[in-house]
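Data first, discussion second: the structure below is written as structure tokens.
The values are calculated or read from the model by the stated rules, or taken from the named source; none is laboratory data. A quick note: this is a predicted structure, and the numbers were derived from the prediction, not measured. Reconstructed Cβ throughout: ideal geometry from the backbone, glycine too, with neighbour counts over all protein chains shown. Just so you know, the surface numbers come from the protein's heavy atoms only, side chains and all, with ligands and any DNA or RNA stripped out. Shrake-Rupley method; radii C 1.70, N 1.55, O 1.52, S 1.80 Å.
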Amino acid sequence: FYESRVIPLELPEGLSIDEDYDEITEDQETSVKEKLKSKWSRLEAIAGAESRVQKMAKDIVHHYEEREKAMFGKSMVVVMSRRIAIDLYKEIVKLRPEWHSDDDDKGAIKIVMTGSSSDPVEWQPFIGNKKRREFLARRMKDNDDPLKVVIVRDMWLTGFDVPSMNTMYIDKPMKGHNLMQAIARVNRVFKDKPGGLVVDYIGIADNLKQALKQYTDSDRNTAGVDTAAAVNIMLEKHEILVEQLYQHDYSGYKSEKSSQRIKAIVNTMDYIIGLGEEEKKRFLNTVMELSKAYALCATTPEAEELNDEIGFFKAVKASIVKTIGDGSKKKTATQMDAQINQLISKSVISEEVVDVYKELGIENPDISILSDQFLEDVRALPQRNLAVELLNRLINGKVKSVQRSNLIQARKFSEMLDNALNKYNKRTLETSKVIEELIALAREMDAAYKRGEQTGMIKEEIAFYDALSSHETADQVLGDDILKIIAHELTKSIKKNMSIDWNLRESARAKMRITVKRLLKKYGYPPDLQKNAIEIVLEQAELMAESLNNT
């Protein structure tokens with residue numbers, strides 16, 4: 001993408017930026033042919049005038065900081081000479097002194113240039129040998145390193161690859177192959193980067209058009225695009241979102257009170273979720289597209305006018321994804337405990353619910369913390385759709401946990417959860433009634449979790465008991481006590497062979513099958529149910545062995 005922010009040059013007659021100035025290297029600045037040197041020197045003096053450098057420094061700082069708000073990325077500034085590079089650096093650090101550091105391993109901005117001992121004394125701190133340049137290159141390529149901006153004359157304009165570099169500020173006459181090589185530095189694919197941006201301060205638009213002729217037709221259509229195109233896309237996506245929310249009042253995002261802004265986010269999450277799965281996906285996709293377009297034109301007046309509203313849409317999207325997403329980011333047990341303790345606090349739920357959903361990246365929560373008080377707090381939430389999603393997320397996490405230890409219970413609870421959510425998604429049941437079903441399911445799971453304390457069985461024995469009693473006939477014929485004895489015997493047998501790899505050792509599977517058959521026969525398990533029971537018990541045995549081995 002291309003953005004013109006040209007700072008005019010007051011050029012005398014006979015002087016232009018169209019000469020082959022970009023073919024002059026740093027080493028040739030003082031040794032080029034007199035005619036070209038004279039023109040270059042005059043142009044360099046005009047481009048590097050103090051007032052112009054000050055104006056460019058101010059613009060670069062503003063532009064960079066606005067870009068940084070919109071998307072992560074590093075930047076390169078290309079200037080005509082080493083003198084201008086140093087003067088520009090000094091003007092930038094006057095505006096942002098915290099960016100400067102005398103140490104190579106610190107600081108947010110650096111100059112990368114060659115030089116010699118004959119250069120002026122004040123230039124020496126900025127001149128570096130190959131080792132220093134390689135060190136700075138490693139810093140620039142490290143996404144976590146604070147070095148974000150480099151000023152160059154002709155270093156790093158070819159063969160230097162920093163995928164996160166998304167902006168190149170050009171204040172140097174360039175054309176043809178050299179120009180294409182330079183702008184390729186910001187056009188690397190990187191995460192969510194929608195494209196690189198070339199910011200033109202000197203007027204290379206015509207040269208860029210000529211250089212683009214080297215591209216194929218398809219590439220030419222997607223290179224050198226004016227940021228006005230990104231503005232149009234941004235406005236189009238913004239309008240789609242406004243239309244999607246036309247029946248919903250989200251004006252609270254403008255409030256100076258954080259509580260009102262939080263309320264606007266939560267209520268909008270609830271509204272979007274209530275529109276159904278397809279509309280929710282459309283909202284999330286449109287916000288993503290809006291964000292990418294905005295990232296490319298964040299410094300335009302149109303984008304700055306929508307800045308707060310776009311930030312609000314992004315906050316709603318992030319909260320939805322983190323609340324009902326896949327929770328792929330694992331957290332430590334301590335972090336989970338802290339978040340679970342937050343969840344059961346009524347003050348958190350009723351006053352700052354958005355913080356709960358923002359932090360809901362919890363895998364496998366302990367369902368036992370879903371106390372009656374907590375469930376009552378969820379029931380009282382005015383955001384009914386969010387209440388459903390909160391319960392779904394927590395219960396689904398427990399189902400996944402149960403799947404690792406109790407086959408029958410996991411299938412049962414998973415089916416109950418799916419049934420409740422299907423009614424919700426198809427709108428065949430009022431949201432409030434779906435919430436009641438989920439609360440009832442949570443309580444049943446809580447009771448199942450505590451069953452071991454009441455029966456005297458450990459969790460492995462309960463899992464086998466559930467597998468054996470999955471047929472009512474078996475329970476009726478044998479009775480509860482006999483099923484408990486068989487479950488106890490099976491657990492002992494598995495623990496004796498806990499090192500077995502059930503996927504690789506078929507002989508172990510055959511041995512366990514024989515053990516199960518003997519136990520069922522010994523205690524009179526109904527013959528007509530034995531085949532099915534053996535398969536279920538074997539599945540549970542494999543699950544248990546895997547769990548024990550992992551432990």
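Can we say L11 is at pLDDT 70 or above, among the hydrophobic types (A, V, I, L, M, F, W, C) and open to solvent by 50 Å² or more (accessible area, probe 1.4 Å)? Taking the combined requirement at face value, the residue satisfies it.
Every residue, every condition in (1) at pLDDT 80 or above; (2) surrounded by fewer than 20 Cβ atoms within 10 Å (Cβ to Cβ); (3) charged (D, E, K, R), yes or no:
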residue	(1), (2), (3)
R411	yes, yes, yes
M416	yes, yes, no
A420	yes, no, no
K426	no, yes, yes
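Residue check: E66 meets all listed conditions (1) in contact (Cβ under 8 Å) with a residue 60 or more places away in the chain; (2) more than 21 Å from P146 (Cβ to Cβ); (3) acidic (D, E) but one, namely (2). Selection of region 39-53 for residues being polar (S, T, N, Q) and open to solvent by less than 60 Å² (accessible area, probe 1.4 Å) yields only S41. Counting the residues of region 131-154 that are in contact with a Ser or Thr (Cβ under 7 Å, 6 or more places away or on another chain) and either hydrophobic (A, V, I, L, M, F, W, C) or more than 18 Å from G196 (Cα to Cα) (or both) gives 3.
Specify the residue that is farthest from the chain's Cα centre (by Cα); the eligible residues are those in region 533-551 that are over 22 Å from D481 (Cβ atoms) and modelled with pLDDT of 75 or more. Only one residue tops the list, namely E535.
Residues in region 368-391: is at least one surrounded by fewer than 17 Cβ atoms within 10 Å (Cβ to Cβ), under 30 Å from V537 (Cβ atoms) and modelled with pLDDT under 80? Looking for residues that are surrounded by fewer than 17 Cβ atoms within 10 Å (Cβ to Cβ), under 30 Å from V537 (Cβ atoms) and modelled with pLDDT under 80, one finds at least one in region 368-391, hence yes.
List every residue pair whose Cβ atoms sit under 7 Å apart, with the two residues 6 or more apart in sequence or on different chains, where the first one lies in region 524-551 and is over 15 Å from L478 (Cβ atoms) and the second, anywhere, is modelled with pLDDT of 75 or more and surrounded by fewer than 16 Cβ atoms within 10 Å (Cβ to Cβ). Every condition considered, the pairs that remain are I534/R513; L538/R513.
Does region 471-482 contain any residue that is surrounded by 12 or more Cβ atoms within 10 Å (Cβ to Cβ) and either of a type in the set (D, E) or modelled with pLDDT of 75 or more (or both)? Scanning region 471-482, I find at least one residue that is surrounded by 12 or more Cβ atoms within 10 Å (Cβ to Cβ) and either of a type in the set (D, E) or modelled with pLDDT of 75 or more (or both), so the answer is yes.
Got at least one residue in region 90-106 being crowded, with 22+ Cβ neighbours inside 10 Å and more than 19 Å from V162 (Cβ to Cβ)? Yes, there is a match, as at least one residue in region 90-106 is crowded, with 22+ Cβ neighbours inside 10 Å and more than 19 Å from V162 (Cβ to Cβ).
The sole residue among M76, M56, M71 that is open to solvent by less than 30 Å² (accessible area, probe 1.4 Å), farther than 18 Å from R153 by Cα and under 37 Å from the mean Cα position of the chain (by Cα) is M71. Among residues of region 231-254 being without any contact (Cβ under 8 Å) to a residue 12 or more places away in the chain and not in a loop (DSSP other than H, G, I, E, B), the one that is surrounded by the fewest Cβ atoms within 10 Å (Cβ to Cβ) is E243.
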